[in-house]
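*Asks:* Got a structure for you, questions after.
The values are calculated or read from the model by the stated rules, or taken from the named source; none is laboratory data. In this text the structure is predicted, and so the values were computed from the model without any measurement. Don't worry about glycine lacking a Cβ; one is built from the backbone with ideal geometry, like all the others, and counts go over all protein chains shown. Side chains included, ligands, DNA and RNA excluded: accessible areas come from the protein's heavy atoms. Shrake-Rupley method; radii C 1.70, N 1.55, O 1.52, S 1.80 Å.
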Amino acid sequence: MSTAAVRLAFLRSCRTLAGELPDVAAVLDWFNAKDRSRFEVRRAPLTALSQWHYAPSPMRLVHRSGRFFAIEGLRAQTGFGPVASWDQPIINQPEVGILGLLTREIDGVLHFLMQAKMEPGNVNILQLSPTVQATHSNYSRVHAGATPRYLEYFTEPGRARVLLDQLQPEQGARFLRKRNRNMVVLVDGPVPGHEDFCWLTLGQIKALLACDNIVNMDARTVVSLIPLADPDEPPDYGMVDGVTGCGLDVYL
């Protein structure tokens, strides 16, 4: 598939609101029906966390493995803006994570495998995330847990064709020089299904961007990098009529 064909496939998917699930309302029905009762999140004192402790020189909160991240203090000084200097905590995570969308054609239209992913800080427990959203410590199983589903399509050569692979920084106000590989890969054959994952067109995903607390920040980051047309082409508006997703009119 040539670069032009890839962009055309992205554009066709962006203009498609009826995919494996018939419309945006059906996607929301699937998402809202997910069982959230299996998760419980409680606040706990930092000193009560069995895997974390304070390390000296300099004082910081670290994982017992020495991996994942550390919470450290930082002092910033600048000659720009109204505040010349400030102190703040920052997350020091010197790893490159993966934010990856797995794609395949369904009835001639590119679909993206999205995950209804639980994260403990989410206001609604679940949000739609990329197929794989993992730090290096997570997908190398430092926590001794399971390997993220579908990771092999992003790490094993030959499992999928890479359509997009960009290294991008993550929230410099909160992370110290952290980066992620933002990836979109294409697979030709069938992909094992799972109840927490759903195939959506790019048009459905973009329509859901208008809904509060549905599509998470990491999925938005990857979607924002997807090229839709030759930059030399004139824009064409109104290819898709307004659709109602969450009580809002959405235009693609």
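*Asks:* Take segment 197-211 and flag every residue that is assigned to a loop (DSSP other than H, G, I, E, B) and open to solvent by 20 Å² or more (accessible area, probe 1.4 Å). Spell out how you get there, then give the answer.
*Replies:* The initial filter retains those residues of segment 197-211 that are assigned to a loop (DSSP other than H, G, I, E, B), namely 209-211.
Within segment 197-211, LEU209, ALA210 qualify.
*Asks:* Tell me whether segment 218-239 contains one or more residues that are closer than 20 Å to PHE68 by Cβ, modelled with pLDDT of 90 or more and surrounded by 13 or more Cβ atoms within 10 Å (Cβ to Cβ).
*Replies:* Our first condition is that a residue be closer than 20 Å to PHE68 by Cβ; within segment 218-239, this holds for 218.
Going one step further and asking which of them are modelled with pLDDT of 90 or more, we end up with 218.
Subset that is surrounded by 13 or more Cβ atoms within 10 Å (Cβ to Cβ): 218.
Looking for residues that are closer than 20 Å to PHE68 by Cβ, modelled with pLDDT of 90 or more and surrounded by 13 or more Cβ atoms within 10 Å (Cβ to Cβ), one finds at least one in segment 218-239, hence yes.
*Asks:* If you don't mind, there's one more thing I want to ask. Tell me which of these VAL41 doesn't satisfy, since it passes every other one: (1) assigned to a strand (DSSP E or B); (2) surrounded by 11 or more Cβ atoms within 10 Å (Cβ to Cβ).
*Replies:* VAL41 satisfies every listed condition except (1).
*Asks:* Only one of these conditions is not met by PRO148: (1) part of a loop (DSSP other than H, G, I, E, B); (2) out of contact with any helix residue (DSSP H, G or I) (no Cβ under 8 Å at 6 or more places or on another chain); (3) modelled with pLDDT of 90 or more. Which number is it?
*Replies:* (2)
*Asks:* Collect the residues in segment 155-194 that are in contact with a helix residue (DSSP H, G or I) (Cβ under 7 Å, 6 or more places away or on another chain) and either among the charged types (D, E, K, R) or part of a loop (DSSP other than H, G, I, E, B) (or both), keeping them in residue-number order.
*Replies:* Correct list: ARG159, ALA160, VAL187.
*Asks:* Take GLU156 and decide whether it is open to solvent by 20 Å² or more (accessible area, probe 1.4 Å) and farther than 25 Å from ASN92 by Cβ.
*Replies:* Spelling it out, GLU156 is indeed open to solvent by 20 Å² or more (accessible area, probe 1.4 Å) and farther than 25 Å from ASN92 by Cβ.
*Asks:* Only one of these conditions is not met by LEU102: (1) among the hydrophobic types (A, V, I, L, M, F, W, C); (2) more than 21 Å from THR135 (Cβ to Cβ); (3) at pLDDT 95 or above. Which number is it?
*Replies:* (2)
*Asks:* I need a count of the residues in segment 162-177 that are more than 18 Å from PRO89 (Cα to Cα), open to solvent by 60 Å² or more (accessible area, probe 1.4 Å) and of a type in the set (S, T, N, Q).
*Replies:* Looking only at that region, the number is 1.
*Asks:* Okay, next question. Can you name every residue in segment 115-145 that is in a loop (DSSP other than H, G, I, E, B), open to solvent by less than 30 Å² (accessible area, probe 1.4 Å) and without any contact (Cβ under 8 Å) to a residue 40 or more places away in the chain?
*Replies:* Scanning segment 115-145 gives a single hit, GLY145.
*Asks:* Another one. Of the residues that sit in segment 54-73 and are in contact with a Gly (Cβ under 9 Å, 6 or more places away or on another chain) and exposed (fewer than 12 other Cβ atoms within 10 Å of the Cβ), which one is modelled with the highest pLDDT?
*Replies:* Among them, the one singled out is MET59.
*Asks:* Same structure, new question: Which residues, taken from segment 74-110, are open to solvent by 60 Å² or more (accessible area, probe 1.4 Å) and part of a strand (DSSP E or B)?
*Replies:* Residues satisfying the conditions are ARG75, GLN77, SER85, TRP86, ASP87, PRO89, GLU105.
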